[in-house]
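Written below as structure tokens is the structure these notes are about.
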Amino acid sequence: MNIITEFYKRGLEHWPKTGQHILVHQTEEEIVVYQAYKKSIARFAAENQFLGGSEYSYSRMSWIKPNFLWMMYRCGWAEKENQESVLALWIKKKDFESVLNEAVISSFNPHYYVSHEQWRANLGQKEVRLQWDPDHDPYGHKQERRAIQLGLKGNVLENFGKKQITRIEDITDFVKQQKQLLDAGRINELLVPIETVYKTTNAALNQRVGIDLQ
């Protein structure tokens, strides 16, 4: 696994406790986002290094999540049906920002849109949906901090799945190892990817999608 980890307790010391943040594992040029699939879809992706195969559908919306613990909450630590395999997808920051630039917040908020009509028009034109959801701790408890997830469809999804991903890693074994520690009450030994706040280079974009940069 190419992802660098740290103890969960250490992460608590530097993660923001409130606000809307893209908390993500990142290098100078790339970030990691997560998805969970049934084993056969994940196996194809890891072996071929793109999303596809006979069981994968590009006609549906597909959600990517930059935050590891939010992904663990969503997939039940790889124990939910058809989410038994967790993939770490590496993508260049410039490509992630191009996806984010197409995002429309999934529900109307007057803080980000002048009118309901403007929001509806954008919703009909864009192929990316954005949601700010409560982040979760390893046990699934809601946090005050909010995490981002992006729903991709159409050309944006196909471009992401076939061209923009630079590396696909199946991290299911790591996930299961950490779940065993959690179940044994050994949270002091729990490892998670090192995640820091990601700030895009576009101030107008940050404001439009609701990123808290404080």
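Throughout, read-outs are computed from the coordinates displayed, never taken from laboratory work. Keep in mind that what you see is a predicted model, and the values were worked out from it rather than measured. Note that each Cβ is placed from the backbone with ideal geometry, even for glycine, and that neighbours are counted across all protein chains shown.
Summary of values
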| read-out | value |
| --- | --- |
| Checklist (1) within 17 Å of the chain's Cα centre (by Cα); (2) surrounded by fewer than 21 Cβ atoms within 10 Å (Cβ to Cβ); (3) among the basic types (Lys, Arg) applied to LYS38, failing item | (1) |
| Helices (runs of 4 or more DSSP H) (entirely within segment 1-108) containing at least 1 residues that are within 16 Å of ARG129 (Cα to Cα) and of a type in the set (Ser, Thr, Tyr) | 93-100 |
| GLU29, sole failed condition from (1) surrounded by fewer than 13 Cβ atoms within 10 Å (Cβ to Cβ); (2) without any contact (Cβ under 8 Å) to a residue 40 or more places away in the chain; (3) within 18 Å of ILE165 (Cβ to Cβ) | (2) |
| Pairs with Cβ under 7 Å, 6+ apart, first in segment 132-160 and in a helix (DSSP H, G or I), second of a type in the set (Gly, Ala, Ser) | LEU157/SER62 |
